[in-house]
Amino acid sequence: MRRSGFLRRILVFGGAATMLVVLSGLTGCAYLQWRQAKQRQRAQLKKNPADLALARDYAPQDCFGLVGRIRLPGEPRPLLAAAFSHEPASALVGWATVDLKRGYYAIMLPSGSYDLLFLTDRDGDGLYLTGEVVGRTPPGSPVVVSAATAADGVTVEAPDVAIDVENRTQAPIPVRVVVNPQPSVIESVDDPIFSSDLGEVGVYYPSRFLARTQRWLFSIGQPDFAKTQVVLVHGINGTPRDFRALIAALDPARYEVWLFYYPSGLSLDQLGNALASAVRRLVTGSGVPNVRLAIVAHSLGGLVGRRAVNQLCAEGRPPYLRMYASYDTPYGGVDSAAGAVRRGTELVPSWIDVATGSPFLTRLHAAPLPDDLPFYLFFGWGDRGGSGPSPAGDGTITLASQLDPRAQDAATAMAGFGATHVGVLSDPKALAALGRALEASTAEKP
């Protein structure tokens, strides 16, 4: 373990560990409806295997992110990036609203070739329509989305496209998409976009989730890059509202809060790469040198965060990345998920990745963290009113999984708390420990 004297509190446990079944949702209505929808989609794909929009919804884990940035006109209007299938027939497969502050967009697409068009709501009627195209890739030069064109295995860089709002052309097929003015800057986690219902949609229907949210990263208030940027990553079936108490405990004069809001049913490789890409865009789009940034994650989000850190640190720690911390993360996996995988149960991709012994977890721990990146491993052992630490852990994740030896070996420091899986995010001692970790790791002169 890369230990320091700070926050050192180590507990040793032996014997077999048991845990509550975190996949209790396998018997829930949402899961059963999802399985029925998958059966219908399979049947439809057999009849029409060239339907890329259906392929996107059926197997989102096989999709890639077409990511780009464009130069916006002087007075930007709402702008939509839309991907139309190039062959065999033109169809609108995916779209995303362009962030009018930074010009970024990201569209989830299955393998294929696409014509990329941009539409604007010029007349302000709340719709993107067929005749409102203000930029596009050349008709004879489609964008190829595939494993071969994805530099990191997940993300495909979109080509530059010039936007000319004064010269509109026609889309190849009729288009009518409602303008979604979802801003990237919100006032608090009470924003309706962070409803628990939408969090559940993200588990089973990632494309619907992304169509509603339109982006991966939200800031609370206008970002001030002179502060330390703290990126929060929620767990499966969660939303940024889980961090309400944690956010309140952060000093707003020193820390700028960002919320990575993602569909938690996607594969953890996809999500980790999406977080890494979002962090890079945040830093490069800040326009200021010497950005300081920390990633703080909870539960499954800790696996997403660690995957992103591995990607960001593939060639050494970037200067802006000052700290990584996680609460109650299943670094050793979930036994019940492994059992479901062995039985051949149809599962969403993130459940497969979190199964004990999964290929994802093996790859995750095989990538060492840089020695100069502080990693704080926070874990929970349940309600402090009980009899003390037990192998059952925080009531959701076992201590054996939270304290997987591979995670301990990578940790700079560890601390445990008598709190439940969700309660740890409002536990005063757990929040104070995070405050000390941020102070130690992200000060201008650490």
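Roughly what angle does helix 300-312 make with the longest principal axis of the chain, taking Cα atoms, 0 to 90 degrees, to the nearest 10?
So the inclination is approximately 70 degrees.
Can you say what percent of the DSSP beta bridges in segment 172-289, counting only those with both residues inside, are antiparallel? Round to 5. Could the numbers behind the result be given before it?
Values: 3 of 11 bridges.
Looking only at bridges with both residues in segment 172-289, the antiparallel portion is about 25 percent.
Taking the 0 to 90 degree range and rounding to the nearest ten, how far is the long axis of helix 268-286 tilted relative to the main principal axis of the chain, both from C-alpha atoms?
So the helix axis and the longest Cα principal axis differ by about 80 degrees.
Please work out, to two decimal places, the log10 of the ratio I(q)/I(0) at q = 0.14, 0.25 Å⁻¹ from a Debye calculation in which every Cα of segment 178-219 carries one identical scatterer.
-0.30, -0.95
Rounded, prolate or oblate: which fits segment 248-288, taking a ≥ b ≥ c as square roots of the Cα gyration tensor eigenvalues, rounded meaning a/c under 1.5, else prolate when a/b beats b/c? Before the final figure, lay out each step's value.
On the way: a/c = 4.00, a/b = 1.47, b/c = 2.71.
Cα axes put segment 248-288 in the oblate bin.
Report the rotationally averaged projected area of segment 90-171 based on its alpha-carbon convex hull, in square nanometres.
Over every viewing direction, the Cα hull of segment 90-171 projects on average to 6.0 nm².
Residues with beta-carbon under 14 Å from that of residue 150, excluding residue 150: net charge, scoring Lys, Arg +1 and Asp, Glu -1? Please list the in-between numbers first.
Values: positive: none; negative: 62, 152, 157, 269.
Computed value for this residue: -4.
Can you list the residues, at least 5 places off or on another chain, whose amide H is less than 5 Å from the amide H of residue 334, using H built in the peptide plane?
355, 356
State, to one decimal in nm, how far the label point of residue 53 lies from the label point of residue 248, with both points 7 Å from Cα in the Cβ direction.
4.4 nm
Quickly work out the residue 168-to-residue 125 label distance, labels modelled 7 Å from Cα along the C-beta direction, and quote it in nm with one decimal.
Here the answer is 0.8 nm between the modelled labels.
What are the extents of the Cα atoms of segment 109-150 along their three principal axes, in Å, largest first?
If we take the Cα atoms of segment 109-150, the spans are 40, 20, 13 Å.
Compute the semi-axes of the equivalent ellipsoid of segment 105-228, taking the square root of 5 times each eigenvalue of the Cα gyration tensor, and list them largest first in whole Å.
28, 21, 17
Would you compute, for the Cα atoms of segment 226-278, the largest minus smallest coordinate along each principal axis and list the three values in descending order, in whole Å?
Rounded to whole Å, the extents work out to 36, 22, 9 Å.
Quick one: which residues, 5 or more positions from residue 417 or on another chain, have an amide H under 5 Å from its amide H? H modelled 1.01 Å from N in the peptide plane, none for Pro or chain starts.
Residues meeting the amide H criterion: 379, 380, 381.
How much of the DSSP beta bridge set in the chain is antiparallel, as a percent to the nearest 5? Could the numbers behind the result be given before it?
Working: 31 of 65 bridges.
So the antiparallel bridges amount to about 50 percent of the total.
For the chain, report the % of Cα-Cα distances exceeding 43 Å. Display every interim value, and only then the final one.
Values: 13623 of 99235 pairs.
Percentage above 43 Å: 14.
Report the accessible area of residue 87, computed with a 1.4 Å probe over the heavy atoms of all protein chains in place, in Å² rounded to the nearest 10.
Accessible surface of residue 87 is approximately 120 Å².
Which shape class applies to segment 218-374: rounded if a/c is under 1.5, otherwise prolate when a/b exceeds b/c and oblate if not, where a ≥ b ≥ c are the square roots of the Cα gyration tensor eigenvalues? Let's see the in-between values first.
Numbers: a/c = 2.28, a/b = 1.65, b/c = 1.38.
In terms of gyration-tensor shape, prolate.
How many percent of the accessible area of the chain is carbon or sulfur, using a 1.4 Å probe? If you can, show how the numbers build up before the last one.
On the way: 9910 of 18690 Å².
Here carbon and sulfur together make up 53 percent of the probe-accessible area.
What's the local net charge at residue 355, with K and R +1, D and E -1, over the other residues with C-beta under 15 Å away?
Numbers: positive: 342, 343, 363; negative: 269, 335, 346, 353, 404.
Here the charged neighbours net out to -2.
What is the Rg over Rh value, at two decimals, for segment 276-367, using alpha-carbon atoms and the Kirkwood definition of Rh? Before the final figure, lay out the partial values.
Values: Rg = 15.5 Å, Rh = 14.5 Å.
A ratio of 1.07.
When N counts the residues of segment 394-446, how does its alpha-carbon radius of gyration compare numerically with 2.2 N^0.38 Å, as a ratio?
Segment 394-446 yields a ratio of 1.29.
Would you mind getting the accessible area per residue of the chain, heavy atoms of the protein chains only, 1.4 Å probe, in Å²?
Values: 18690 Å² over 446 residues.
Each residue of the chain exposes 42 Å² on average to a 1.4 Å probe.
Give me the percent of Cα-Cα pairs in segment 311-358 that sit more than 14 Å apart, rounded to a whole number. Don't skip to the answer; put the middle values down first.
Details: 682 of 1128 pairs.
Result for the distance tail: 60 percent.
Name the shape class, rounded, prolate or oblate, that the alpha-carbon gyration tensor gives for segment 289-446, where a ≥ b ≥ c are the square roots of its eigenvalues, rounded holds for a/c under 1.5, and otherwise prolate holds if a/b is larger than b/c and oblate otherwise.
Details: a/c = 2.29, a/b = 1.23, b/c = 1.87.
It comes out oblate by the Cα gyration axes.
Counting other Cβ atoms within 10 Å, which trypsin sites (Lys or Arg not before Pro) in segment 100-138 have at most 15 and lie in a DSSP loop?
Details: sites: 101, 102, 122, 136; in loops: 101, 102, 122.
Hits after loop and neighbour filter: 101.
The values are calculated or read from the model by the stated rules, or taken from the named source; none is laboratory data. Predicted, not measured: the structure shown is a model, and the values here were computed from it. With ideal geometry, Cβ positions are generated from the backbone for all residues, glycine too; neighbour counts draw on all protein chains shown. Ligands, DNA and RNA are stripped out before the accessible areas are found, and what is left, the full protein with its side chains, is counted by its heavy atoms. Shrake-Rupley method; radii C 1.70, N 1.55, O 1.52, S 1.80 Å.
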